[in-house]
Each structure stands twice: as structure tokens, then as C-alpha cells.
Amino acid sequence: MRHTPFRWYSRLTPWVFVLPTVIGLLIFKLLPIVSALYLSFTEWSLIGSPLFVKLGNYAELLSSEAFIRIVRNTIQFSVVYVIGSMVVGLALAVLINVQIRGIAFFRAAIYLPVVTSAVAVGIIWNWMLGPTYGVINNLIEAVGLTPPYWLADMKLALNTVAIVQVWKMSGYYMIIFLAGLQNINSDVLDSARVDGASSLQSFFRITLPMMISTLFFVLTITIIDSFKNFELIYAMTKGGPQNASNTLVYDVYLNAFVYYRIGYASAIAYVLFFIVGLMTIFNFYIRRHFVESMD
Amino acid sequence: MKKLVTLLVVLLAIASLFGAGVKDTQASSGPITLEWWTWDPTMQEENQQIIAQFERQNPGVKVNNTIIGTSEYWTKIRIQANQNKLPDVFTMSSGYIEEWAKDGLLYNLDSFVQKDDTFDIFYKSIFDTNKAISNTDSYYAIPFALVTTVLYYNKDAFDAANLAYPTDAWTWNDFRNAAKKLTIDKNGDGKIDQWGYWFYGRYAHIEPWIYANGGRLLDRTTMRFSPDKNAMDAMKMLTDLVLVDKVAPAPKDMSAFQQQDVFPQGVAAMWVDGSWFVDTFRKKLGNDMRWGIVRVPSGPGGTNTLTYGWPDSYALAPNTKHPEMAWKFARFVAGEGIGLDTYMAGKIPSAKKLATDPLFSDPNQQPGKDMDLLIEQAAGPMTTSYSMGWSEWRGYGGSEALGLNGMIDAIVNSLMSFDEAFKKSADSINTVLKRLYK
């Protein structure tokens with residue numbers, strides 16, 4: 001008897017498989033996104049019905065000095081984090097891209113902060129950066145310098161938290177860069193060496209250009225990750241001093257879950273959405289004009 | 001056809017009678033289920049014991065306890081309120097009573113309070129504090145415990161400095177003089193090892209001094225931030241401790257500490273905060289350090305008999321189907337039917353029989369007879385600065401670095417002058433209050 005493959009198949013079959021995910025996405029992603037857009041035009045404390053205030057929340061945001069500062073902080077945090085993570089992640093990947101005894105230990109050790117709780121990381125760094133007993137300030141004092149107030153100085157607090165976030169996450173990007181490095185054909189590098197290229201020349205003229213897809217991928221995910229800074233800010237500065245380390249994500253939390261200003265928090269979330277949207281367009285631009293041509 | 005219609009009418013009549021009968025039976029003698037929401041996960045076992053005891057005394061009543069951690073409690077219970085599904089009895093914070101009472105989300109308890117022997121069993125002063133916090137003339141919550149603020153002092157440090165222990169009669173000058181003598185560089189390295197006092201912009205660190213000086217932060221008639229001269233004097237005295245007297249560290253110097261660890265670790269010899277830290281110190285310190293509690297020193301403008309204290313309470317859902325039983329259970333769990341062992345040390349039971357239990361001031365545990373102070377405070381006048389939007393304008397929890405808290409920190413961390421900080425505070429705080437009190 002001839003067996004007919006896929007007898008059970010009909011045009012609806014793929015939809016049956018996709019449906020659970022689609023329903024999940026609609027209920028848990030799309031619906032909240034659309035609801036948040038509506039809520040951003042309302043005043044609502046979770047109690048009672050939302051009160052429609054038209055563009056009131058957006059008008060309040062744009063006229064708030066604190067909010068302008070928070071947007072600036074968010075962008076500053078993002079720039080420090082993206083540049084820091086890419087440079088440190090790549091440097092670590094190059095350093096550990098060697099076959100020596102015990103290298104697995106170093107790879108694991110560098111990766112460890114990635115899987116450590118952000119709150120624990122924040123508390124430990126708070127201790128290390130402490131002005132009186134912190135090991136970092138004690139070391140600075142030991143060489144005769146006056147250490148700064150890392151988390152209490154309005155000019156330093158945001159960058160300090162961003163750098164701690166870089167420290168925490170670099171191991172993750174290191175692994176991605178490492179995969180990129182190991183995909184490079186060693187023959188090309190060997191040829192360059194035979195032709196007299198120095199290590200630096202090989203790195204900048206061969207390794208980096210050949211890793212452009214990886215670099216672009218890491219750039220994309222670091223930009224996305226740069227906005228996920230709630231936990232460390234909560235553990236280290238709570239947005240202080242005087243909003244100096246407050247970012248859009250932390251401000252959404254404050255307004256939604258401390259002040260219960262759901263409408264205002266939704267408006268902030270949409271400003272964040274707008275900024276992330278701009279970054280995404282920028283990403284596509286880079287991809288189209290640089291990455292694809294170099295690939 | 002006629003027979004059929006007649007039959008239908010008879011059947012309908014029987015059905016409606018039966019239905020009414022069933023309904024009546026359910027209303028009169030059916031089991032009652034009460035939903036009880038609380039926010040302390042460590043109390044699960046105790047809560048089950050309380051329920052078992054209540055159910056034994058009230059056959060036909062079943063109580064379900066739902067415990068939600070404090071970080072999620074308010075979001076979840078607000079959603080319940082939004083859906084008209086509030087539990088019959090639930091834990092209520094002083095910080096939200098006004099907002100919830102205004103929004104009609106709390107059962108008005110006046111009829112129960114007046115009808116029952118409530119004030120024979122509970123401290124009226126604590127109920128009245130709740131009434132004042134609600135900004136109405138009614139009782140909307142039944143307090144189960146009161147927390148107050150006190151001055152903690154390290155007896156070992158006082159002995160080492162050859163100083164007499166603080167008393168309730170202390171003035172600001174007595175306090176400042178002691179703080180100066182207790183600020184010590186023990187190893188001569190030019191750094192202070194023991195500070196006389198420790199505070200930052202936290203509500204429990206600032207307001208007790210304001211009220212002990214007869215001051216106020218809010219003008220309750222206009223509901224605007226308008227600290228009077230006594231309040232400003234108290235805050236100036238405190239900030240001067242850091243900037244002028246140099247007997248207290250700037251918060252930026254203590255950033256590596258959890259704020260509640262500075263005093264028990266011996267880094268500061270005196271500290272003002274909530275009475276619940278009695279429990280923390282008993283558990284953490286044991287007898288490693290000898291310590292005591294007294295009233296916050298009186299300022300020149302007032303007297304320290306006015307206490308900064310606030311109750312933790314239970315409230316009833318406005319649409320509870322069993323208000324009498326919910327009230328009975330709330331009274332029971334607020335102290336009438338439970339033991340002192342279910343209370344965190346330093347939280348003052350609102351039920352008189354528990355507060356006057358000799359074990360409350362257990363002489364075998366620190367601070368011994370000093371605990372009597374808490375009972376005195378519970379019976380005396382109390383005040384708070386709670387209002388709608390308090391977390392936002394005061395700077396509390398996740399917003400601790402902002403609001404008034406952040407401004408006071410900015411002064412003592414030398415980021416802003418006193419005058420500049422209070423000008424900015426008045427603007428930003430009143431923006432919040434104007435939004436909520438139009």
C-alpha cells in the first residue's frame with residue numbers, strides 16, 4: 001500500500017502550531033503595549049477608572065527639568081555602556097582566545113558576574129566603592145591620592161553605575177566575540193604574518209573587518225541591554241544624588257510602582273520606546289551602509 | 001393548553017419559593033468565608049494558629065489567609081480594589097489610609113467602634129492617630145500595632161566617655177554636648193572612628209526632631225508643604241551637626257553601610273529611628289552591646305511628649321458581605337484574641353492587655369524597663385506627616401534619594417546650601433501636593 005506523506009496536513013495546520021505563541025504574544029505583549037499607549041493619555045493610580053487627560057502627561061514630561069535630565073542620563077548611560085562593553089568584551093575575548101592550560105577557568109571566572117544577581121553585585125560594589133572602608137578608595141589613598149565619592153558625586157554617580165554594569169556584563173559579550181574570533185580562518189592571519197604584518201596590523205586590518213557581523217550583532221544587543229539598568233541603579237544609588245543617576249527605566253518604576261502614577265509612567269515608557277525606536281533605525285542604517293558592504 | 005399553562009405557573013411558583021428558601025437558608029445559617037490578606041510572609045505559621053483559634057470560637061466561619069510580600073502587596077491589592085474584589089479584612093498602611101478612604105475603598109468603622117467596647121480593649125489614642133491620618137472624621141482602620149520613634153543610645157560608649165545616660169528631659173544642648181564628647185578618633189589616624197550621632201534625610205530620622213520642637217512640615221488647611229519656623233530650626237540643628245559641629249557623618253561617608261547598621265556596629269553612639277529596631281538589635285546584637293532608648297530630646301519650641309508614631313492596621317472591604325464577622329475577626333487579630341509572642345519586639349500592641357503584659361518590658365532582654373517608654377508614647381499624643389503622595393514628596397523606599405529625603409542629603413553632603421535646598425524642595429513638593437489636592 002502506498003503511504004501518503006502528510007495526509008493530516010491542511011492549510012490550517014501551521015496555524016495550529018503557531019497559535020499558542022501568537023495568542024501569548026497578543027495577550028502578554030501586544031495588548032499591554034497598546035494598553036500602555038492608551039494609559040499614557042490618562043491619569044490612573046490603579047484604583048478606579050483611568051481619567052483621560054489628552055496629552056497632559058506628555059506636556060508635564062516635556063516641561064519637567066528633572067525629566068530632561070533623566071533622558072540625558074539614559075543616553076549617557078547607554079553610550080558609556082555600549083562603548084565600554086564592546087571594548088572590554090572584545091579585549092577580554094582577544095586575551096582568552098589562546099590555548100593554554102587552565103584557560104577554561106579564566107573564561108568561567110570572567111563569565112561569572114553575568115550570572116550573578118545584579119542586586120548582589122550592586123551591594124558588593126557599594127562596599128568596594130565606600131569612601132571610608134572601601135577597598136578601592138583605600139588603594140587610591142595608599143598611593144597618596146584623594147579618592148572621589150563615586151556614588152555621591154553628581155558628576156560621577158551615573159558613570160560609576162554604568163561601569164559596574166559593564167563589569168557585570170562584559171563576560172557575556174566576550175563569549176560572543178570569542179565565537180567570532182574563532183570563526184576567522186587562521187590561514188588568513190598566518191599569511192599576513194608571513195607577509196610581515198605586525199600583531200596590531202593583523203588585528204585592525206584583518207581580525208576586526210572579518211568580525212564586522214559579530215561587532216554589529218554585539219552593538220545591537222548592547223544598545224538594547226543598555227536600557228536595562230534598573231536593578232543596579234536600585235541597589236547602588238536609587239537614582240540619586242538629585243536624579244544624577246536616574247534613568248528612564250528607573251523613573252518608570254518609580255512612577256508606576258512607588259507613586260502609582262500609571263498614566264505618567266506609561267508616557268515615560270513611550271518616550272523610552274521612541275528613543276529605542278530611533279536607535280533601531282540607526283542600527284539598520286549602519287547595517288545597510290557598512291556591515292552588508294563589508295560582508 | 002390551559003392545563004399546560006397552569007402547570008407551568010405552578011412549577012414556576014414552586015421553583016421561586018424553593019429558590020427563595022434556599023437563598024434565605026444560605027443567608028441565615030450558611031457558612032461564612034472571610035478572606036484575609038497580609039504582607040508578612042514570616043507570619044504564615046502564626047496566622048494559621050490565629051485562624052484555627054478564631055474558627056474554633058466561631059463555628060461555621062472559615063478564614064483564608066493570603067500572604068503577599070510587601071514589595072508586591074500594594075500593586076496586587078490595588079488591582080483587587082479596582083476589580084471590587086478587596087478581601088474582607090486586609091493589612092493597611094498609614095501611608096495610604098487617606099487616599100483609600102477618599103476613594104471609598106475602606107469600610108467606615110464608626111458604627112462598630114461606637115457600639116462596641118472598643119476603647120476598653122484598645123488604645124483610643126492609636127485609633128485617633130489613624131483618624132487624623134485619614135484626614136476625615138471617621139475611623140477607617142483598626143490598628144493592631146503602633147510604631148514610634150525613639151533615641152537609641154550606646155551605653156558602652158556613654159560609659160567609656162564617662163557621660164550620664166540620656167533622659168527624657170534632655171534638651172538639644174544636652175544632646176549636642178554629649179554628641180561632641182562621643183565623637184572620637186580612637187586610633188589617632190585623623191579619621192573619626194565613633195561618631196556622636198548618625199542620621200540622613202529619612203523620615204524617621206528627621207520628623208521626630210521636628211515634632212519634638214513643636215514644628216510641622218505641612219499646612220493641613222491648605223495641604224501645602226510649608227515648614228514652620230520650628231520645623232526649619234529642627235532641620236537646621238540637624239544639618240549643623242554634620243556641617244558645623246562635625247559630630248555626625250555625612251551620608252556620603254556612610255554609603256557602604258546599610259543605614260540601620262551604623263549604630264549597632266558602634267560607628268555612631270546615638271541614633272533616632274523606629275521602635276521596631278528593638279527586635280533587630282535583640283536578634284543581631286544579643287548582649288554584645290548595651291543600649292537603651294529614651295524620648296527624642298525636646299527642642300526650644302516644643303516638647304517631646306508629642307510623639308512621631310504611626311499604626312499598622314487592618315481595614316475592611318467596603319463591600320464585604322459579612323461586615324459584622326469581618327469586624328469581629330479584625331478585632332480578634334488586632335490583639336483581642338492573640339498573644340504578645342506574635343508581635344515583633346518594639347511594635348506596640350494596640351490592645352491594652354498585650355501592651356501591659358509584663359513580658360512587653362521583659363527585664364531579661366534589652367532595653368529592659370526602657371520599653372515602658374513605648375507604652376507611654378502609645379497612650380499620649382501622636383502626629384505624622386502622611387498625606388496623599390507622601391512616598392513621592394517625602395522620598396521613600398525606591399525614591400529615597402529624591403524628594404525631601406534627597407534634598408536633606410544634598411545639604412549634608414555639601415551639594416546644596418540649606419536655603420537653596422528648601423527653596424527647591426518647596427517648589428517640587430508643592431507640585432506633587434497641588435496635583436493631589438486641587
Legend entry - Mean separation of Cα contacts under 8 Å (6+ apart) over length of the stretch A:56-294, as relative contact order %: 29
Legend entry - Cβ charges +1 (Lys, Arg) and -1 (Asp, Glu), total dipole of the stretch A:56-294, debye: 100
Inset, instruction - From largest accessible area down, sort B:R331, B:R224, B:R290; use a 1.4 Å probe on the protein chains. - result: B:R290, B:R224, B:R331
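Ordering B:S275, B:S298 from largest to smallest accessible area (1.4 angstrom probe), what's the sequence?
Sorted by accessible area, descending: B:S298, B:S275.
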Inset, instruction - May I ask you to give the percent of accessible area on the stretch A:56-294 that is carbon plus sulfur, with a probe radius of 1.4 Å? - result: 68
Legend entry - For the stretch A:245-280 versus the stretch B:66-108, the gap between their alpha-carbon centres in whole angstrom: 25
Legend entry - Cross-link pairs A:K228/B:K438; B:K229/B:K424; B:K155/B:K347; B:K85/B:K124 - those with Cα-Cα distance over 27 Å: A:K228/B:K438; B:K85/B:K124
Inset, instruction - Just tell me, in residue order, which DSSP H segments of chain B are both 24 angstrom or longer along the helix axis (alpha-carbon based) and at least 1.0 in mean Kyte-Doolittle hydropathy. - result: B:2-29
Inset, instruction - Name all residues of the stretch A:78-122 having a backbone nitrogen under 19 Å from the label point set 7 Å from the Cα of A:N183 along its Cα→Cβ direction, giving them as ranges. - result: A:86-87, A:89-98
Inset, instruction - At a Cα cut-off below 15 Å, give the aspartates and glutamates reachable from A:K238, other chains included and same-chain residues fewer than 8 away excluded. - result: A:D153, A:D251, B:E392, B:E400, B:D409
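Give me a single rounded figure for A:256-265: the average over its residues of other chain Cβ atoms within 10 Å of their Cβ.
On the way: counts 1, 6, 10, 8, 8, 4, 1, 0, 1, 0.
Mean shielding count: 4.
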Inset, instruction - Using only atoms on other chains, find how many Cβ atoms lie within 10 Å of each Cβ of peptide A:148-158 and report the average. - result: 3
Inset, instruction - May I ask you to list the trypsin sites (Lys or Arg not before Pro) in the stretch A:136-225 that are in a DSSP loop and have at most 14 other Cβ atoms within 10 Å of their Cβ? - result: A:K155
Legend entry - Descending semi-axes in Å of the stretch A:197-277, equivalent ellipsoid built from Cα gyration tensor: 38, 15, 8
Inset, instruction - Give the shape of the stretch A:56-294 as rounded, prolate or oblate, defined through the alpha-carbon gyration tensor: a ≥ b ≥ c are the square roots of its eigenvalues, a/c under 1.5 means rounded, and otherwise the shape is prolate if a/b is larger than b/c and oblate if not. - result: oblate
Legend entry - With eigenvalues of the C-alpha gyration tensor scaled by 5 and rooted, the protein assembly as shown, Å: 50, 43, 24
Inset, instruction - Once you have a ≥ b ≥ c as the square roots of the Cα gyration tensor eigenvalues for the stretch B:188-294, tell me rounded if a/c is under 1.5, and otherwise prolate or oblate according to whether a/b is larger than b/c. - result: oblate
Legend entry - Length-normalised contact order for the stretch A:157-271 - Cα pairs under 8 Å, 6+ apart - percent: 26
Legend entry - Residues of the stretch B:52-111: accessible area per residue with a 1.4 Å probe, Å²: 43
Legend entry - In nm, spacing of pseudo-spin labels at A:I83 and B:Y165 (7 Å Cα→C-beta vector): 5.9
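With a sphere of radius 13 Å drawn around the Cβ of B:D312, what net charge do the other residues whose Cβ falls strictly inside it have (Lys, Arg +1; Asp, Glu -1)?
0
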Legend entry - Heavy atoms of A:V188 accessible to a 1.4 Å probe, total area in Å² rounded to 10: 60
Legend entry - Per residue accessible area of the stretch B:354-431, 1.4 Å probe, in Å²: 37
Inset, instruction - Would you calculate the separation in nanometres between label points at A:F105 and A:T13, each defined as 7 Å from the Cα along the Cα-to-beta-carbon direction? - result: 5.5
Inset, instruction - For every other residue with a beta carbon closer than 11 angstrom to the beta carbon of B:A248, add +1 if it is Lys or Arg and -1 if Asp or Glu, then tell me the sum. - result: 0
Inset, instruction - Treat each spin label as a single point 7 Å out from the Cα along the C-beta direction, and report the A:A59 to B:K229 distance in nm. - result: 4.1
Legend entry - DSSP H segments from chain A that extend 24 Å or more along their own axis, Cα-based, with Kyte-Doolittle mean of 0.5 or above: A:65-96, A:157-182, A:262-286
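Return the percentage of antiparallel bridges among DSSP beta bridges fully within the protein assembly as shown, rounded to the nearest 5 %.
Antiparallel: roughly 65 percent of the beta bridges in the protein assembly as shown.
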Legend entry - DSSP-defined antiparallel bridges as percent of all bridges, chain B, nearest 5: 65
Legend entry - Scattering curve values for the stretch B:291-438, log₁₀ I(q)/I(0), Debye with Cα scatterers, q = 0.16, 0.17, 0.21 Å⁻¹: -1.09, -1.12, -1.22
Inset, instruction - Please report, in debye to the nearest 20, how large the charge dipole of the protein assembly as shown is about its Cα centre when each Lys and Arg carries +1 at its beta carbon and each Asp and Glu carries -1 there. - result: 2240
Inset, instruction - Take B:L374, A:L55 and sort them by solvent-accessible surface of the protein heavy atoms, 1.4 Å probe, largest at the top. - result: A:L55, B:L374
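Let me have the relative contact order for the stretch B:309-376, percent, based on Cα pairs under 8 Å that are six or more residues apart.
About 20 percent, as a whole number.
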Inset, instruction - Using the structure shown, list the pairs from B:K102/B:K284; A:K54/B:K102; B:K236/B:K353; B:K76/B:K434 with a Cα-Cα distance above 30 Å, or answer none. - result: B:K102/B:K284; B:K236/B:K353
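The values are calculated or read from the model by the stated rules, or taken from the named source; none is laboratory data. In this text the structure is predicted, and so the values were computed from the model without any measurement. Counting neighbours? That spans all protein chains shown, and the Cβs are built from the backbone with ideal geometry, glycine included. Side chains are part of the model used for accessible areas, which takes the heavy atoms of the whole protein and leaves out ligands, DNA and RNA. Shrake-Rupley method; radii C 1.70, N 1.55, O 1.52, S 1.80 Å.
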